[in-house]
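To start, the structure under review is shown below, and the notes come after it.
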Amino acid sequence: MERTEDRPVITVDAHAHAWSPQTARARFRAGLTGPTAGVAAGHTQANLIAVPADWAYDMLLFCQRNPKPCPVLDVTDAGASTTVLAEGADLRTDLPRYRVWQDGELVDEPTDARAYWRDDLVSFLLGCSFTFEWALARAGVPIRHVEQGRNVPMYVTGRECRAAGRLRGPMVVSMRPVPPEHLRAAIRESSLLPAVHGGPVHCGDPAALGIEDLGRPDFGDPVTVADGEIPVFWACGVTPQAAVTASRPPFAITHAPGQMFLTDARDEQYRLVGVD
């Protein structure tokens, strides 16, 4: 697998945090691309994977059996390009960048997926960890990839997901370095949002997940981990893309890692209440 070079990422716009989700989607529809961390602050972001209808049950079962990396927010009817999560949005055009897969191979990364869309595609929108970053920041937890102007680093782990029908594959995780004094807050705040991956799956030594080098993520970009900071790993919605690679369905469309779908839902809608 080709790994990301150590390079800075240009954020989509210096004022993107203040955009409405409708503005963000319009900008992406017009061709703007880039990581969406911090965009339309306070609104829920989602991963996308669309598969042929005859693979949809396997995908739904895969998500049900692996809820940490694949928390389902919505599933569309076959061929539909709309979602109840965003009025007037078009799943074929309103993400910054897509990935198109054929027989498990990545064949294109367009900014508009209409040329590839099929009438039999069922789309799954899955919770994204960018959603809980507002809660981390509010609790004083630094968000290093945002500070450093980079896409969040993501790694394929040695942990296999529970297989479902024809789908199998390893869990993918995202990583955020956390100072020790903020670790408790990072775990607490993210755990209150289980619909967007919830609490971490691992804190500390990356080798325990089969990750050899934090400086060489499989997706996204490396971030600087300061002395004393703890690498904290959350299950990641890129996991279905790893399953596509491993299981080789005939066709799929996904988001490009880190370039998510902006929904109209507010982050607070997915926060557990009465447990603070």
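The values are calculated or read from the model by the stated rules, or taken from the named source; none is laboratory data. Because the structure is predicted, anything quoted here is derived from the model rather than measured. FYI the Cβ positions are ideal-geometry reconstructions off the backbone, even for glycines, and counts take in every protein chain you see. Just the protein is used for accessible areas: all its heavy atoms, side chains included, with ligands, DNA and RNA removed. Shrake-Rupley method; radii C 1.70, N 1.55, O 1.52, S 1.80 Å.
Of all residues in the stretch 157-168, those that are touching a residue at least 40 places away in the same chain (Cβ under 8 Å), of a type outside the set (A, V, I, L, M) and surrounded by fewer than 21 Cβ atoms within 10 Å (Cβ to Cβ) total 6.
Let's see how each residue does on (1) farther than 27 Å from Gln269 by Cα; (2) touching a Gly at 6+ places or on another chain (Cβ under 9 Å); (3) of a type in the set (S, T, N, Q):
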residue	(1), (2), (3)
Glu147	no, no, no
Met154	no, yes, no
Cys161	yes, yes, no
Gly165	yes, no, no
Pro177	no, no, no
Pro194	no, yes, no
His197	no, yes, no
Ile211	yes, yes, no
Leu214	yes, no, no
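Listed by first and then second residue, the pairs with beta-carbon distance under 6 Å, at least 6 apart or on different chains, first residue in the stretch 143-156 and touching a residue at least 60 places away in the same chain (Cβ under 8 Å), second buried (at least 19 other Cβ atoms within 10 Å of the Cβ) and part of a helix (DSSP H, G or I), are Ile143/Glu133; Val152/His145; Val156/Ala242.
Here Phe132 fulfils each of the conditions (1) surrounded by fewer than 21 Cβ atoms within 10 Å (Cβ to Cβ); (2) over 30 Å from Arg248 (Cβ atoms); (3) in contact (Cβ under 8 Å) with a residue 12 or more places away in the chain apart from (1). Has the stretch 186-206 got at least one residue that is open to solvent by less than 30 Å² (accessible area, probe 1.4 Å), more than 27 Å from Asp90 (Cβ to Cβ), among the acidic types (Asp, Glu) and at pLDDT 95 or above? Taking every residue of the stretch 186-206 in turn, at least one turns out to be open to solvent by less than 30 Å² (accessible area, probe 1.4 Å), more than 27 Å from Asp90 (Cβ to Cβ), among the acidic types (Asp, Glu) and at pLDDT 95 or above. Within the stretch 138-155, the residues that satisfy the criterion of being open to solvent by 40 Å² or more (accessible area, probe 1.4 Å) and within 18 Å of the chain's Cα centre (by Cα) are Arg144, Val146, Arg150. Against the criterion of being open to solvent by 50 Å² or more (accessible area, probe 1.4 Å), touching a residue at least 40 places away in the same chain (Cβ under 8 Å) and farther than 27 Å from Leu60 by Cβ, Thr245 does not qualify.
I need a count of the residues in the stretch 29-75 that are within 16 Å of the chain's Cα centre (by Cα), small (Gly, Ala, Ser) and over 23 Å from Pro142 (Cα atoms). So the count comes out to 1.
Scoring Gly274 on the criteria (1) open to solvent by 30 Å² or more (accessible area, probe 1.4 Å); (2) at positive phi; (3) modelled with pLDDT of 95 or more leaves a single failure, condition (3).
The selection criterion, being more than 28 Å from Asp267 (Cβ to Cβ), touching a helix residue (DSSP H, G or I) at 6+ places or on another chain (Cβ under 6 Å) and open to solvent by 40 Å² or more (accessible area, probe 1.4 Å), holds for Asp120. Counting only strands (runs of 3 or more DSSP E) that sit wholly inside the stretch 1-115, those with at least 2 residues that are open to solvent by less than 20 Å² (accessible area, probe 1.4 Å), in contact with an Asp or Glu (Cβ under 6 Å, 6 or more places away or on another chain) and touching a residue at least 24 places away in the same chain (Cβ under 8 Å) are 43-52.
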